[in-house]
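Novice: One structure, as structure tokens, below. Some questions next.
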Amino acid sequence: MKFGIGQPLKRIEDNRLLTGNAVYTDDISFINQSYLYILRSPHASAKIININISDALKEKGLIKIISSKEIDDLSIKEMRTTFLVKNRDGKEMTDTPRHILAKEYVRYVGDPILAIVAETLSSAQNIAEKIIIDFEELDCVSNISTAIKKDSPLVRENLSNNICFDWELGNKEDTRKALEEATHNISISLVNNRLVPNPMECRSTIGIYNDIEDEYTLYCSSQGVHSLKKKLSNILNTSEEKINVITKDVGGGFGMKIFNYPEYVLSLVASKIVKRPVKWVASRTESFLSDIHGRDHLSKATIGIDGNYKFKGLLVETYANMGAYMSDFAVFIPTYAGTGMLTGCYDIEVAYANVKGVYTNTGPTDAYRGAGRPEAAYLIERLVDKSAMELGISPIKIREINLISKSQMPYKTALGHTYDSGDFVKNLKDAINIAEYKTFDQRKVISYKKGYLRGIGISTYIEACGGGGPEFATVSIGKNGDITVKIGTQSNGQGHETSYAQIVSEILDIDISTIQVMQGNSKEIEKGSGTGGSRSTPVGGSALKVATENLLKKIKELLSIKYNVEIKNIKYKNGLFYFDDKKFNLAETLSKLSDKGETLEAKGSWAPQQGSFTYPNGTHICELEIDKENGKVNILSYVVVDDFGKVINPMLLEGQVHGGIVQGIGQALFEETIYDEHGQLLSGSFMDYAIPRASDVPNIKFSFNEVLCKNNLLGVKGAGEAGAIGAPPAVINAICNALCVNHIDMPAKPEKIWKCIKNKN
């Protein structure tokens, strides 16, 4: 098949995305549309004493000012997290719901207080300036270290401390015993820095309420319309049938567009109140304040190593910043999603981890590209490199000794995952060869003569992804023989329309140009679990394979009945059905079998088995130079060898990995979300928050080892997050190698590196 599975086909979407013909939420407008502006808290922690709107009511263009009272009058429920855990003592963690609009207290800078609906956005902003709110400012905590102190101010006035959960995984007793018996104990303490996702397209929404039908329609930039629909129906106290969520093109998501946000509820509620469409579009500064952030962990880990450099046990303690409110999957990310992967690609007999969630007066955190797995990979890979340095063994050798071998597959880890497939040793060897690791010392001498420090860093990674709920697909033949695919995932720029079309093209043996993929409409597409956790191709693609094969099966059955021919005698090849002396293409088949000649369709679904994931894995090698005079890092070479199982489209795959690596480099070198002691966000714009430029990233050398996954129908392994998992430890390991230090925290900005150089001298 010319454009089937395995072909490096350019994105079908590019024709619209690159010519300005994409349709994002902000491109959509309606007749009689009004505009929503959110008045947010200027304080990180305060009690609302009084709100005076008298001057604001006199302003032109005002339609309505909505407060928590109007929300309560409509019986709108609070927002709740979707995932809770049990504490170590066996008790359930405390659930702390979030009001749509603040009532008595505000808990972080950016907390929504009032919703202003006006004729224009500028008039709504002007009206907000006329509102006077009296606050009683309270003490706040803006970081984990302060929040966990016994005398720390409370983020939640109804709790006794700022610990929202205290969770564990693994065998504590056996792990401590392994460490006691080990020849060496190596420890590391590190920071996994807070990140702002910053997709190119800021969040936006249009809420429309139909009072005749009592129905809501929400246009928004999401990663899955069905999950959002379910959450909204609960909050709005209405049935799911009364809500339609529509997502058009999405300009990046990275996890933060999975979640429900107060603004989505407010646009719908506002539309119901004012009886007009209501549009809200975040500014970039507003996005910094109100979007869900990622990471923000403090961890300490100890690994026990025997006299032959074999890993024996791993003990980890992590504090995870939840922010002021628990977002949808906030609790899941540092617990099951991240902690379960702490042993990485290594054969470690026993492990134990304790994770404490911490409230602070900062924006909420949740899943961000990799969602817990980058945190886990960074910790174990930094610990492995530190161990190699302290024990005087090569970072390659210590990995070769401890990597899980191919012959050990399937391999059950000490923390409960069962790796189905992979060849970690081959990934490492291939990456070493491509990176010309053996001649690194020669290049290091050359750099030193020029006044630069040169370093090389290795990281191996593995992640668990491609899980979650079932996915659903419908494949139909139109009257011209064109194929329409309806599926419950949502592209955020990954190229779903292309990869899905390639799967269908392969099975139906037809030209890819005849295939159209539809996503993002909860009424037109019956079910779906959405995109996130690198699940679209493993789960959505498997559902699509089932649906497409069901279509062929259905057609053969119908042809068998109509023409009185045995099914086994009906053949299908090159887009044609053959039997007896007859030969029909898809359009002709439709006309023969459908009374109206309109459509012929079949459905399919597929769900991962409980606890079953795909386990993409690989090796990253980063080589860089550091200017001794100013601490600036220049990445010279980057090599990655990945195992993504069966590759659907190598070009799209490289694009995904490339983007992930760039974001990983951003975390390692540039990105830092900073709150001051008063809870004010100091890095709330691109003037103060740096992300990588093209000049910061070298050409990346890609290589794939295809070891087929056994946990889905296509043999694929999720790929959307992998680059962001392997990159941070590879970069920091390279910096530590160049500086000859055992650790430096992310982000390794020039000033931090320069101070490190000067202190050594």
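Bear in mind these aren't lab numbers, they're just calculated from the coordinates by the rules spelled out. Model, not experiment: these values are computed from the prediction. Note: ideal-geometry Cβ built from the backbone for every residue, glycine included; neighbour counts use all protein chains shown.
Novice: Charges at C-beta only: +1 for Lys and Arg, -1 for Asp and Glu. How large is the resulting dipole of the chain about its Cα centre, in Debye rounded to 20? Write down the numbers at each step before the final one.
Specialist: Details: 89 positive and 92 negative charges, 264 e Å.
That gives the chain a dipole magnitude of about 1260 debye.
Novice: Using each residue's phi in the range 464-473, evaluate 6.51 cos²θ - 1.76 cosθ + 1.60 at θ = phi - 60° and report the 3J(HN,Hα) Karplus result to the nearest Hz, with x for Gly and Pro.
Specialist: 9, 8, x, x, x, x, x, 10, 10, 9
Novice: Roughly what would the spin-label model give for Glu706 and Asp72, points 7 Å off Cα along C-beta, in nm?
Specialist: Between Glu706 and Asp72, the simple spin-label model gives 6.2 nm.
Novice: Obtain the nm distance between the two label points defined at Lys523 and Ser122 by a simple spin-label model: each point lies 7 Å from its Cα along the Cα-to-C-beta direction.
Specialist: Distance between the two pseudo-spin positions: 3.5 nm.
Novice: Quick one: of the DSSP bridges fully inside the range 237-358, what percent are antiparallel, nearest 5? Write out the running numbers ahead of the final one.
Specialist: On the way: 9 of 18 bridges.
Percentage antiparallel, nearest 5: 50.
Novice: On to the next question. Of [x] 25.9, 85; [y] 29.2, 93; [z] 27.3, 89, which is the value of Rg and Dmax of the Cα atoms in Å derived from the coordinates here?
Specialist: The value matching this structure is [z].
Novice: Cβ neighbours within 10 Å, averaged per peptide: list 556-569, 39-52 in order, most packed at the top.
Specialist: Details: 556-569: 13.1, 39-52: 18.4.
So the peptides 556-569, 39-52, ranked by packing, come out 39-52, 556-569.
Novice: Hey, another quick one. Kindly point out which whole DSSP H helices in the chain project their C-alpha atoms 20 angstrom or further along the helix axis while averaging a Kyte-Doolittle hydropathy of 1.0 or above.
Specialist: Numbers: long enough: 373-391 (27 Å, -0.17); 542-563 (32 Å, 0.10); 650-669 (28 Å, 0.58); 722-739 (27 Å, 1.32).
Span-like helices here: 722-739.
Novice: Considering only the range 117-256, what is the antiparallel percent among its DSSP beta bridges, to the nearest 5? Kindly include the intermediate steps, with their values, before the conclusion.
Specialist: Values: 6 of 10 bridges.
Restricted to the range 117-256, the bridges split so that about 60 percent are antiparallel.
Novice: Turning to a different aspect of this structure: Per residue of the range 670-675, what does 6.51 cos²θ - 1.76 cosθ + 1.60 with θ = phi - 60° give for ³J(HN,Hα)? Whole Hz please, x for Gly and Pro, Karplus curve as stated.
Specialist: Rounded to whole hertz, the list is 10, 7, 7, 8, 10, 10.
Novice: Given the -39500 (n - 2.57) contribution per DSSP H run of 4+ residues, what per-residue ellipticity at 222 nm results for the chain, rounded to the nearest 500 deg cm²/dmol? Walk me through the intermediate numbers first.
Specialist: Details: 18 runs with 204 residues, N = 761.
That calculation yields -8000 deg cm²/dmol at 222 nm.
Novice: Same structure, new question: Work from the charge dipole of the chain (Cβ charges, +1 for Lys and Arg, -1 for Asp and Glu, about the Cα centre) and give the residue of Ser491, Ile434, Gly457 farthest towards its positive end.
Specialist: Ile434
Novice: Out of His297, Ser267, Val250, whose Cα points farthest toward the positive end of the dipole of the range 219-301 (charges: +1 Lys, Arg; -1 Asp, Glu; placed on Cβ)?
Specialist: Result: Ser267, furthest along the dipole toward the positive end.
Novice: As an exercise, use a Förster radius of 30 Å and the Cβ-Cβ distance of Asp509 and Lys412 to find the FRET efficiency, rounded to the nearest 0.05. Write out the running numbers ahead of the final one.
Specialist: Numbers: r = 40 Å, r/R0 = 1.34.
Efficiency, rounded to the nearest 0.05: 0.15.
Novice: Let me ask something else about it. Considering only DSSP beta bridges where both residues belong to the chain, give the percentage that are antiparallel (nearest 5). Numbers along the way, then the final one.
Specialist: Working: 104 of 130 bridges.
Within the chain, antiparallel bridges account for around 80 percent of the total.
Novice: For the range 236-296 and the range 570-606, what is the centre-to-centre distance using only Cα atoms, to the nearest Å?
Specialist: Taking the Cα centre of each part, the range 236-296 and the range 570-606 sit 42 Å apart.
Novice: How far apart, in nm, are two points set 7 Å out from the Cα along the Cα-to-Cβ line at Glu136 and at Tyr578?
Specialist: 8.5
Novice: Report the net charge of residues surrounding Tyr359, where surrounding means a beta-carbon distance below 10 angstrom and charges are Lys +1, Arg +1, Asp -1, Glu -1. Before the final figure, lay out each step's value.
Specialist: Working: positive: Arg107, Arg156; negative: none.
Every neighbour counted, the sum reads +2.
Novice: By the scheme Lys and Arg +1, Asp and Glu -1, what is the net charge of all other residues having a beta-carbon under 10 Å from that of Lys86? It would help to have the intermediate numbers written out before the result.
Specialist: Values: positive: Arg88, Lys91; negative: Asp89, Glu92, Asp166, Glu168.
That works out to -2.
Novice: What ³J(HN,Hα) values, in whole Hz, does the Karplus curve 6.51 cos²θ - 1.76 cosθ + 1.60 give for the range 341-357 when θ = phi - 60°, with x put for Gly and Pro?
Specialist: Per residue, the Karplus-derived 3J(HN,Hα) values read 10, 5, 6, x, 8, 9, 7, 10, 5, 9, 8, 8, 9, 10, 10, 10, x Hz.
Novice: Amide H of Tyr368: which non-local residues (sequence gap of 5 or more, or other chain) have their own amide H closer than 5 Å, using H built in the peptide plane?
Specialist: Arg295
Novice: Is there a quick way to get the dipole size of the range 200-291? I mean about its Cα centre, with the Cβ of Lys and Arg at +1 and of Asp and Glu at -1; what is the value in debye to the nearest 20?
Specialist: Details: 12 positive and 11 negative charges, 28 e Å.
So the magnitude is around 140 debye.
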